[in-house]
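Accompanying notes for the structure given below.
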Amino acid sequence: MAETKAVESARHALVAELSREVADTGVLQAIGRVPRERFVPEEARQFAYENRPLPIGEGQTISQPLILALMTQALRLEGRETVLEVGTGSGYQAAVLSLLARRVVSVERIPRLAERAGRLLADLGYSNVEVQVSGERAGWPDAGPYEAIIVTAASPEIPAELLDQLAPGGRLVIPVGSRTLQELVRIVKTPRGAERHNLGPCRFVPLLGPSGWPDRAAS
């Protein structure tokens, strides 16, 4: 019981910290409901509610909570959307999205991560999330178009393949830039074309595959 209270206290403290920079109360409430400690390796659970990224294996990380919150806020979700997440990773972002959208389709190119995240999300009861192994496919066109797309790895440019999967009026949030430093960008698909809004600097692991860098560039 003491450990549970400590975890709850740490989660509430993190949400309070995020609220200084995140205005969307729905996003903050969702983060307050998702057990981040379940999405990190056991040896890192003591750091689960610190506002920083953590390694999850396979050369990947679980995003810093502040960045995750700002990206989710930028999607401007109202609860009716089908959302595509590119880069499942631990599954934590998908869990947060599941509380804010009607349906979440999350794709991951590393089969072991996809299997682990899919199993955990199911065990925790996030029934409106499906995890797919994308391979070399960009996104998941089969379930599109999407009202919102979020990319949790950095691309050198806005992927045309993902814009094609975005519904009219839809929002794409993605880090764009070099392999070491990027700008967080929101793209809104309008009748006049794609409108770009820069949201601030960030740093993500590189997106590999057809919408990012080739595998050999990350070695």
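The values are calculated or read from the model by the stated rules, or taken from the named source; none is laboratory data. From a predicted model like this one, the values you see are computed outputs, not experimental measurements. Neighbour counts run over all protein chains shown; Cβ positions are idealised from the backbone, glycine included.
Among the strands (runs of 3 or more DSSP E) lying completely within segment 148-219, list those that include at least 1 residues that are of a type in the set (V, I, T) and farther than 14 Å from A74 by Cα.
Result: 166-177, 182-190.
So for segment 45-52 (the condition being touching a residue at least 12 places away in the same chain (Cβ under 8 Å), within 20 Å of A154 (Cβ to Cβ), of a type in the set (A, V, I, L, M) and surrounded by 16 or more Cβ atoms within 10 Å (Cβ to Cβ)), does at least one residue qualify?
no
Among the residues of segment 155-164, is any under 24 Å from A69 (Cβ atoms) and either free of Cβ contacts under 8 Å to residues at least 12 places away in the same chain or touching a helix residue (DSSP H, G or I) at 6+ places or on another chain (Cβ under 7 Å) (or both)?
Among the residues of segment 155-164, not one is under 24 Å from A69 (Cβ atoms) and either free of Cβ contacts under 8 Å to residues at least 12 places away in the same chain or touching a helix residue (DSSP H, G or I) at 6+ places or on another chain (Cβ under 7 Å) (or both), which makes the answer no.
Looking at (1) within 16 Å of the chain's Cα centre (by Cα); (2) in a loop (DSSP other than H, G, I, E, B); (3) farther than 28 Å from L166 by Cα, which is the only condition I56 fails?
The single condition I56 does not satisfy is (2).
Which one of V40, V129 is touching a residue at least 12 places away in the same chain (Cβ under 8 Å) and more than 19 Å from R11 (Cβ to Cβ)? Walk me through how you get there before you give the answer.
Details: V40 fails: more than 19 Å from R11 (Cβ to Cβ).
Unique residue meeting the criteria: V129.
Can you name every residue in segment 83-101 that is touching a helix residue (DSSP H, G or I) at 6+ places or on another chain (Cβ under 6 Å), in a strand (DSSP E or B) and β-branched (V, I, T)?
Once the filter is applied, which keeps residues that are touching a helix residue (DSSP H, G or I) at 6+ places or on another chain (Cβ under 6 Å), in a strand (DSSP E or B) and β-branched (V, I, T), segment 83-101 yields only V83.
Output the qualifying pairs, or none if there are none: Cβ atoms under 6 angstrom, residues six or more apart or on different chains, first residue in segment 1-25 and under 18 Å from L199 (Cβ atoms) and surrounded by 10 or more Cβ atoms within 10 Å (Cβ to Cβ), second residue of a type in the set (S, T, N, Q) and at pLDDT below 95.
The qualifying pairs do not exist here.
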